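The values are calculated or read from the model by the stated rules, or taken from the named source; none is laboratory data. On a predicted model such as this, the values are computed, not experimentally measured, just so you know. Cβ: placed from backbone, ideal geometry, glycine included. Neighbour counts: every protein chain shown. Note: areas computed on protein heavy atoms with side chains; ligands, DNA, RNA excluded. Shrake-Rupley method; radii C 1.70, N 1.55, O 1.52, S 1.80 Å.
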Amino acid sequence: MYPVDRSSQRLRLRELTIDDVGAVFAIYGSPEATEHLSFEPRTREQVGMIVARSVVSATAEPRNEYALAVVEKETDQVIGFGRIALDPHQQRAATFGFALRPDAWGVGYGVETVRLLLGLGFEEIGLHRIWGGRSPLNEGSAKTMTAAGMTEEGTIRGHIQKAGQWRDSVVHSMLDEEWTTE
């Protein structure tokens, strides 16, 4: 499915373009924005390669990854990044993740972003299960995924290595029969 273009009241999910490198770098290059993510802040060059790879993978057949820009409709600015990656080891299942610029935190954009990604996964891709992991210390993400209707399933121990240390991940998921458009 290409191109993706989904909207909520205040946000829009759209395909990344090479022009989005600076906006994605504002997230992936930020120590604050990446504090609880699975990686250290990226360089602009690394972000450029990620965006370029995402642009190419968007038209792959079959499409296995949806790396998307989160755009604030009022300003038409990219304020975040969302991703759904199909899981080749589970039927009709995918992992997902999201990150927003720190100046976009605290106003409900996270819940809107998660709901847009879940809607894409269940309504358009036809998934049965979508799950994402978060740092145990990321209470904001816990509240966001719960508010979006996801269920906290448990902990994957020693799941992520960051800054030379192993970290657990707390898993949240939703099944297609639990999805509602409310």
TODO: Just read off the accessible area of ARG92 with the full protein assembly in place, 1.4 Å probe, to the nearest 10 Å².
DONE: 130
Task: Computed [θ] at 222 nm, helices only, for the chain once each DSSP H run of length n ≥ 4 contributes -39500 (n - 2.57) - done: -7000 deg cm²/dmol
Task: Rg/Rh ratio calculated on Cα atoms of the chain (Kirkwood radius) - done: 0.93
Task: Charge dipole (debye, nearest 20) of the stretch 64-174; +1 at Cβ of Lys and Arg, -1 at Cβ of Asp and Glu - done: 360
TODO: Kindly report, to the nearest 10 Å², the accessible surface of THR43 as traced by a 1.4 Å probe over protein heavy atoms only.
DONE: 70
- [ ] For GLU61, put the label point 7 Å out on the Cα→Cβ axis and report which residues of the stretch 1-34 keep their amide N under 18 Å from it.
- [x] 1-4
- [ ] In a Gaussian network model over the chain where Cα atoms closer than 10 Å are linked, find which of LEU11, LEU86, LEU137 has the largest mean-square fluctuation.
- [x] LEU137
Open item on the list: For the stretch 49-152, report the % of Cα-Cα distances exceeding 16 Å.
Closed with: 59
TODO: Could you pull the Cα extents of the stretch 108-182 along its three principal axes, largest to smallest, in whole Å?
DONE: 40, 25, 18
Open item on the list: Using a probe radius of 1.4 Å on heavy atoms only, what accessible surface per residue do you get for the chain? Whole Å² is fine.
Closed with: 52
Task: Separation in nanometres of the label points that stand 7 Å from Cα toward Cβ, at THR43 and LEU137 - done: 2.6
- [ ] Specify which residue in the list GLN91, GLY106, PHE122 is farthest towards the positive end of the charge dipole of the stretch 81-133, using unit charges on the beta carbon of Lys, Arg (+1) and Asp, Glu (-1), about the Cα centre.
- [x] GLN91
- [ ] Quote the accessible area belonging to ILE18 in square angstrom, nearest 10, computed with a 1.4 Å probe and with ligands, DNA and RNA left uncounted.
- [x] 100
- [ ] Please work out how much length the chain gains when fully extended from ARG92 to THR146, using 0.36 nm per residue of separation minus the C-alpha to C-alpha distance, in nm with one decimal.
- [x] 17.2 nm
- [ ] Could you check how much of the accessible area of the chain is carbon and sulfur, as a whole percent, using a 1.4 Å probe?
- [x] 50
Open item on the list: Just to confirm a number: summing +1 for Lys and Arg and -1 for Asp and Glu over residues other than THR34 whose beta-carbon lies under 11 angstrom from that of THR34, what do you get?
Closed with: -1
